[in-house]
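Everything below concerns the one structure shown next.
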2 protein chains.
Amino acid sequence: MHTLSEENYLKCIYRLQDKGQKITPTAIAESLGNNPASVVDMIRKLTDKLLIAYDKKKGVELTAQGQKDATLIVRRHRLWEVFLLEKLDYHWDEIHDIAEELEHIKDATLADRLDKFLGFPEYDPHGDPIPKANGKMPKRYSTTLADVKAGAHCRVAAVKDTTSAFLQYLIKLNINIGTKIQLIEKIPFDSSLVISIDGNEQKTVSQKFGESLLIDM
Amino acid sequence: MHTLSEENYLKCIYRLQDKGQKITPTAIAESLGNNPASVVDMIRKLTDKLLIAYDKKKGVELTAQGQKDATLIVRRHRLWEVFLLEKLDYHWDEIHDIAEELEHIKDATLADRLDKFLGFPEYDPHGDPIPKANGKMPKRYSTTLADVKAGAHCRVAAVKDTTSAFLQYLIKLNINIGTKIQLIEKIPFDSSLVISIDGNEQKTVSQKFGESLLIDM
DNA sequence: AAATAAAATTAGTCTTGACTAATTTTATTT
DNA sequence: AAATAAAATTAGTCAAGACTAATTTTATTT
């Protein structure tokens with residue numbers, strides 16, 4: 001099995017894959033807040049364990065085994081988030097760090113039992129798809145609120161930014177996964193968005209805000 | 001906060017307290033499967049942190065703070081055991097090792113939320129009392145099946161031995177916390193016990209077995 | 001009380017996973 | 001293409017927490 005550190009690197013590389021760019025030691029270092037020299041050490045270690053392949057040209061890539069292991073870590077993380085929110089009544093912005101610890105608990109059947117206990121949820125509280133036991137992923141949303149046309153009605157499907165600052169802002173605006181939003185108008189000057197949340201009075205939010213909300217139309 | 005290792009030492013010392021004997025470095029080393037030299041190192045560390053006091057004459061003792069911290073670790077361990085057994089359908093003999101990892105998850109409100117979610121249980125699945133949030137302990141049972149007189153009826157309150165070998169034997173005998181047992185007879189030769197489980201046909205168990213079951217009369 | 005055994009302690013080593021500083025390699029400018 | 005900047009790598013260090021081997025202290029026997 002893997003150490004805590006190895007698992008965190010795997011998860012980090014897994015996340016960086018989504019960006020579609022070459023995964024460099026520097027990118028990993030920035031993402032984890034580590035020194036690039038430390039990353040180079042770990043790249044060697046994970047390469048020896050056949051979890052990643054590193055090529056100067058192509059950057060770091062997960063092997064089939066690495067992809068599988070990383071997917072299961074993400075599965076555990078997201079399942080625990082559901083548990084914390086639904087069963088222990090934590091708030092949106094409190095669960096990430098705890099799940100960050102829980103995801104490393106090692107037991108062959110724990111994730112599957114938790115999955116069953118939670119009723120096989122497809123998405124975590126941030127709207128991110130929970131990988132199935134076999135590694136399959138439910139559909140992931142990619143359209144942001146900033147992408148839709150003025151006048152359009154949509155449903156909040158997921159958050160792209162999971163920082164506490166953003167989540168707390170959402171709580172303040174009374175926006176949750178599933179909340180209905182209508183985009184009234186885009187302000188040409190700075191791409192601010194005038195929106196109506198659940199049919200209520202209009203509010204203006206920034207472009208950055210719009211790009212952080214994934215929506216379903 | 002404490003490291004994983006520090007917490008494991010605290011818990012170990014807490015457990016050794018129950019034996020009523022002087023807690024020596026060797027005793028801790030044996031209990032944890034560590035080298036006595038390593039234990040001496042950690043004794044220094046925990047002493048510096050004011051969690052224990054070490055005196056050659058009196059051995060290792062928890063300070064008020066150490067006692068408090070250790071109690072909370074035990075609280076977390078036992079609450080997670082209840083969760084694993086009741087909510088995730090694990091068996092008696094599978095939960096200890098997983099709870100051993102879960103107990104170290106650090107979050108100020110996690111234990112209390114879990115406690116509430118589980119309905120404020122007083123005993124864990126092995127019958128051990130779960131410390132309350134304020135450190136108070138429900139009554140602990142001390143009479144073993146080997147202590148009662150022939151003819152007596154009693155109820156299984158807790159297990160004193162939590163090894164997988166013992167727990168699996170209990171499963172085979174269909175004995176659980178709460179099971180009713182009548183002690184039919186003690187065999188003078190080797191102190192074996194003839195018992196009837198839930199009023200069923202008589203079976204003979206060893207003295208060692210009897211000493212491992214805590215009962216309520 | 002001396003001899004022996006056991007326990008405790010010290011000193012030094014190892015591994016993991018981080019770090020800094022220095023160097024080499026690769027990319028980007030001018 | 002040469003100069004410069006950025007990225008990657010190497011070499012060496014550090015702390016935690018384990019270890020072994022050697023030594024000292026304490027207990028137990030004879």
Just to be sure I understand the filter: pairs with C-beta atoms under 6 Å, separated by 6 or more residues or on different chains, first member in segment B:1-24 and in contact (Cβ under 8 Å) with a residue 12 or more places away in the chain and farther than 15 Å from B:Leu50 by Cα, second member more than 14 Å from DNA strand C (Cβ to nearest atom) and assigned to a loop (DSSP other than H, G, I, E, B). Which pairs pass? B:Leu4/B:His104
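For every residue, the table says whether it meets (1) more than 16 Å from DNA strand D (Cβ to nearest atom); (2) within 25 Å of A:His104 (Cα to Cα).
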residue: B:Gly20; (1), (2): yes, no
residue: B:Ile28; (1), (2): no, no
residue: B:Ala37; (1), (2): no, no
residue: B:Arg44; (1), (2): no, no
residue: B:Lys57; (1), (2): no, no
residue: B:Leu79; (1), (2): yes, yes
residue: B:Leu88; (1), (2): yes, yes
residue: B:His91; (1), (2): yes, yes
residue: B:Ala99; (1), (2): yes, yes
Which of the residues belonging to segment A:147-185 are part of a loop (DSSP other than H, G, I, E, B), free of Cβ contacts under 8 Å to residues at least 24 places away in the same chain and over 18 Å from A:Tyr123 (Cβ atoms)? A:Thr163
Quick test for you: out of B:Thr63, B:Thr47, pick the one residue that is in contact with a Leu (Cβ under 7 Å, 6 or more places away or on another chain), surrounded by fewer than 17 Cβ atoms within 10 Å (Cβ to Cβ) and not aromatic (Phe, Trp, Tyr). B:Thr63
Exactly one of (1) surrounded by fewer than 14 Cβ atoms within 10 Å (Cβ to Cβ); (2) over 16 Å from the mean Cα position of the chain (by Cα); (3) away from DNA strand C (no atom under 16 Å from the Cβ) is unmet by B:His104. Its number? (1)
Members of segment B:1-28 that are hydroxyl-bearing (Ser, Thr, Tyr), within 15 Å of B:His77 (Cβ to Cβ) and surrounded by fewer than 20 Cβ atoms within 10 Å (Cβ to Cβ): B:Tyr14
Filter segment A:90-107 for residues that are part of a loop (DSSP other than H, G, I, E, B) and more than 10 Å from chain B (Cβ to nearest Cβ); the one that is farthest from A:Leu167 (Cα to Cα) is A:Glu103
With respect to B:Glu81, determine if the residue is under 14 Å from B:Asn8 (Cβ atoms), crowded, with 16+ Cβ neighbours inside 10 Å, within 14 Å of chain A (Cβ to nearest Cβ) and among the charged types (D, E, K, R). no
Identify all residues within segment B:108-121 that are facing chain A (nearest Cβ under 8 Å), surrounded by fewer than 18 Cβ atoms within 10 Å (Cβ to Cβ) and under 20 Å from A:Lys116 (Cβ atoms); write none if there are none. B:Phe117
So how many residues does segment B:50-60 have that are under 26 Å from the mean Cα position of the chain (by Cα) and surrounded by fewer than 17 Cβ atoms within 10 Å (Cβ to Cβ)? 4
Out of everything in segment A:186-198 that is surrounded by 14 or more Cβ atoms within 10 Å (Cβ to Cβ) and touching a residue at least 24 places away in the same chain (Cβ under 8 Å), what residue ends up being nearest to A:Tyr123 (Cα to Cα)? A:Ile197
Condition met for A:Pro125 (crowded, with 19+ Cβ neighbours inside 10 Å, under 25 Å from A:Asp161 (Cα atoms) and either aliphatic (A, V, I, L, M) or more than 10 Å from chain B (Cβ to nearest Cβ) (or both)): yes
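Just so you know, all these numbers are worked out from the coordinates, no wet-lab data involved. Bear in mind the structure is a predicted one, so any value in this text is a computation, not a measurement. So basically every Cβ, Gly included, is an ideal-geometry build from the backbone, and we count neighbours across all protein chains shown.
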